[in-house]
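The values are calculated or read from the model by the stated rules, or taken from the named source; none is laboratory data. Being a predicted model, the structure only gives us computed values, none of them experimental. Don't worry about glycine lacking a Cβ; one is built from the backbone with ideal geometry, like all the others, and counts go over all protein chains shown.
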Amino acid sequence: MPESKHALLSASSSHRWLNCNPSARLELEFAESESEAASEGTAAHALCEHKLRKALKMRSKKPVSKYDCDEMDACTDDYVEFVLEALAEAKRECGDPLVLIEQKLDFSCYVPDGFGTGDCIIVADKRLHIIDFKYGQGVLVDAVENPQMMLYALGALRLFDSLYDVETVCMTIYQPRRENVSTWTIPVSELLEWTETTLVPKAALAFKGEGEYVPGSWCTFCRAAVKCRARADAKLKLARYEFALPPLLTDAEIEDILFRLDDLTKWANEICAYALDAALNHGKEWRGFKLVEGRSNRKYTDETAVVAAAQAAGYHDIYKKSLIPITEMERLMGKKTFNEVLGGLVFKPQGKPTLVPASDKRPAITTTDAKQDFNDYTEE
């Protein structure tokens with residue numbers, strides 16, 4: 001769950017300030033706003049909380065939002081089912097495990113003014129299980145060495161370590177729209193070692209706005225990213241290649257470009273969006289550029305009137321019909337019914353071969369297979 005905007009060094013932004021220490025202070029210079037995706041995520045979290053409380057026989061009033069839909073219902077149902085399974089597992093080792101929902105966690109003894117909110121925490125003898133619900137589908141979130149989860153773990157240990165003899169902490173990211181359930185377990189001793197050697201010194205620098213600006217994947221959700229000089233310098237390093245033709249570049253140069261290309265494109269789009277917003281909403285005039293009306297497609301003003309007019313003129317073949325997409329069909333029927341009715345009528349063709357970083361979890365394919373798959377793909 002996103003932390004309060006008043007937490008300078010929040011758990012949810014820890015991946016950013018741990019890697020780029022001064023970024024937390026720099027972000028204060030930019031207005032904080034909630035995106036549509038973030039608002040949708042907040043609504044999904046509220047529904048998760050309600051359903052989990054009801055499942056555990058607690059009082060709760062069902063939240064209502066404009067984002068309510070079959071997909072959100074299914075995702076939140078699946079989350080509750082996962083938590084109940086985790087609870088059942090805990091009960092096999094502990095007679096009466098404790099379940100906390102939307103628990104405020106204080107880790108300020110390690111991170112100045114640090115606090116966060118854990119979606120679900122299951123406390124049992126010798127084992128602490130922290131479950132974090134992610135409704136977003138843009139970025140795949142991994143639990144392994146995830147600093148947000150590690151900070152939640154520290155906050156939970158402060159509450160319960162004196163009551164339970166916790167030896168290990170299990171952390172799970174539950175991200176249903178990416179079909180991603182990532183779990184990582186770490187001994188408490190290793191977590192505390194990371195806290196002392198990495199977290200505390202970096203948090204101290206971040207709180208004071210000190211340290212070096214270090215661009216990387218953590219720039220994605222940084223409010224200051226679009227005007228960050230360090231990030232701009234890193235992207236503009238590609239200019240040293242002077243747009244040479246690929247055969248004139250070394251293998252090392254091409255590898256360097258491949259690693260940077262996606263983020264470079266994203267950064268360029270962010271610059272364009274920032275410049276457009278400044279011109280459109282704040283009267284900014286950029287030298288050598290002007291605002292113009294973009295291209296648009298024609299639209300019917302009244303489809304009912306169009307149908308009547310076309311049919312009156314003798315034109316009746318004016319409709320197109322097609323099946324709704326598979327994902328929409330699955331939402332319509334529900335996963336169980338969809339599999340029973342249409343499971344045998346659906347197949348997933350091979351995807352187009354693509355180059356990705358070696359850290360990607362998908363298995364590699366051989367060069368021969370990739371060449372054949374690419375030819376098959378282009379011939380379709």
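The strands (runs of 3 or more DSSP E) falling completely within the range 55-140 that include 3 or more residues that are surrounded by 15 or more Cβ atoms within 10 Å (Cβ to Cβ) and out of contact with any Ser or Thr (no Cβ under 8 Å at 6 or more places or on another chain) map to 98-106, 115-124.
Residue-by-condition table, conditions (1) outside any helix (DSSP H, G or I); (2) modelled with pLDDT under 95; (3) outside the structural domain of Ile121 (by TED's automatic domain parsing); (4) out of contact with any strand residue (DSSP E or B) (no Cβ under 9 Å at 6 or more places or on another chain):
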position: Glu190; (1), (2), (3), (4): no, no, no, yes
position: Trp194; (1), (2), (3), (4): no, no, no, no
position: Leu199; (1), (2), (3), (4): no, no, no, yes
position: Ala206; (1), (2), (3), (4): no, yes, no, yes
position: Cys222; (1), (2), (3), (4): yes, yes, yes, yes
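From the list Lys290, Lys284, Lys299, Lys321, the lone residue that is part of a loop (DSSP other than H, G, I, E, B) and surrounded by 11 or more Cβ atoms within 10 Å (Cβ to Cβ) is Lys284.
Checking the structure you have, find out if any residue of the range 320-337 is free of Cβ contacts under 8 Å to residues at least 12 places away in the same chain, more than 30 Å from Asp77 (Cβ to Cβ), among the small types (Gly, Ala, Ser) and not assigned by TED's automatic domain parsing to the domain that holds Arg177.
No, the range 320-337 contains no residue that is free of Cβ contacts under 8 Å to residues at least 12 places away in the same chain, more than 30 Å from Asp77 (Cβ to Cβ), among the small types (Gly, Ala, Ser) and not assigned by TED's automatic domain parsing to the domain that holds Arg177.
The residue that is modelled with the highest pLDDT, among those in the range 326-369 that are part of a loop (DSSP other than H, G, I, E, B), β-branched (Val, Ile, Thr) and loosely packed, with under 10 Cβ neighbours inside 10 Å, is Thr354. Here Trp218 fulfils each of the conditions (1) within 30 Å of Ala86 (Cα to Cα); (2) touching a His at 6+ places or on another chain (Cβ under 8 Å) apart from (1). The residues listed here are Tyr174, Tyr164; of these, the one that is among the aromatic types (Phe, Trp, Tyr) and either under 24 Å from Gly41 (Cβ atoms) or surrounded by 21 or more Cβ atoms within 10 Å (Cβ to Cβ) (or both) is Tyr174. More than 21 Å from Gly114 (Cα to Cα) and surrounded by 13 or more Cβ atoms within 10 Å (Cβ to Cβ): is that true of Cys48 in this structure? Criteria met by Cys48. Flag: Leu291 does not match the condition of being farther than 26 Å from Cys222 by Cβ, over 37 Å from the mean Cα position of the chain (by Cα), modelled with pLDDT under 85 and not charged (D, E, K, R).
What do you reckon, is Lys352 among the basic types (Lys, Arg), more than 35 Å from the chain's Cα centre (by Cα) and either under 30 Å from Asp73 (Cβ atoms) or not assigned by TED's automatic domain parsing to the domain that holds Glu179 (or both)?
no
Taken as a whole, the condition of being within 25 Å of Gly216 (Cα to Cα) and aliphatic (A, V, I, L, M) does not apply to Ala309. Beta carbons closer than 8 Å, at least 6 apart along the sequence or on distinct chains, pair a first residue in the range 19-33 that is on the phi < 0 side of the Ramachandran plot and at pLDDT below 85 with a second that is of a type in the set (Gly, Ala, Ser) and surrounded by 13 or more Cβ atoms within 10 Å (Cβ to Cβ) for Glu29/Ala224; Phe30/Ala224.
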